[in-house]
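Here is the structure we will look at, set down as structure tokens.
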Amino acid sequence: MIKLKYAQPLTQRPAPDDTPTPAMFRLHPQGEPAMTATTAERLKAMENALRSRLQPPVTITCNPHRIGKSSCVSVHLEDSRGKRADILLTQEGRAGLPLDHEFDSPRWHVNVPDAADMIFLTLWVNELFKD
């Protein structure tokens, strides 16, 4: 059995003089991961949409892809009733989480700035239905 480690990110409000970076998560080699309040809000909306659609146990399948020059991971979630959600994580150099009205669609598109955010967001999805 493989167990992937996931550290719950702390929500931080950037200081006024903090230069905004395109990263979704602040992932330092030492210390806790962090995210902005805006990212935390959008992730909570995404979590609520997934939990309202799917009932545990949920099977999660991840498949890496390349679309043009962009690296992607498709995350397929399906419960025992056959209800599903598909999330396409695309590395585009910028962050973008679905808006509330987009959760009605069966496929959600998430833009991530880099591979570290892609992996961390994949771990975040996995953690939602861990138990």
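Within region 48-69, residues that are basic (Lys, Arg) reach partners that are surrounded by 10 or more Cβ atoms within 10 Å (Cβ to Cβ) and not in a strand (DSSP E or B) with beta carbons closer than 6 Å, at six or more positions or on different chains, in the pairs Arg53/Lys83.
The set of residues in region 8-41 that are under 16 Å from Leu89 (Cβ atoms) and either at pLDDT 95 or above or outside any loop (DSSP other than H, G, I, E, B) (or both) comprises Met35, Thr39. In region 123-130, the count of residues that are open to solvent by less than 50 Å² (accessible area, probe 1.4 Å) and over 15 Å from Met46 (Cα atoms) is zero. The set of residues in region 48-95 being polar (S, T, N, Q), within 14 Å of Arg107 (Cβ to Cβ) and in contact with a helix residue (DSSP H, G or I) (Cβ under 7 Å, 6 or more places away or on another chain) is empty. Considering only residues that are modelled with pLDDT of 95 or more and acidic (Asp, Glu), look in region 51-99 and name the one that is least open to solvent (accessible area, probe 1.4 Å). The selected residue is Asp79. Just to be sure, is Ile67 closer than 17 Å to Thr39 by Cα and not basic (Lys, Arg)? No; evaluated as a whole, the condition is false for this residue. For region 107-117, a residue qualifies if it is open to solvent by 90 Å² or more (accessible area, probe 1.4 Å) and not charged (D, E, K, R), and exactly one does: His109. Considering (1) loosely packed, with under 12 Cβ neighbours inside 10 Å; (2) at pLDDT 95 or above; (3) in contact with a helix residue (DSSP H, G or I) (Cβ under 8 Å, 6 or more places away or on another chain), the lone condition that Lys44 does not fulfil carries the number (3).
The values are calculated or read from the model by the stated rules, or taken from the named source; none is laboratory data. Note that the coordinates shown come from a computational prediction; the quantities given were computed from them, not determined experimentally. Cβ atoms come from the backbone with ideal geometry, glycine included; neighbour counts cover every protein chain shown. Note: areas computed on protein heavy atoms with side chains; ligands, DNA, RNA excluded. Shrake-Rupley method; radii C 1.70, N 1.55, O 1.52, S 1.80 Å.
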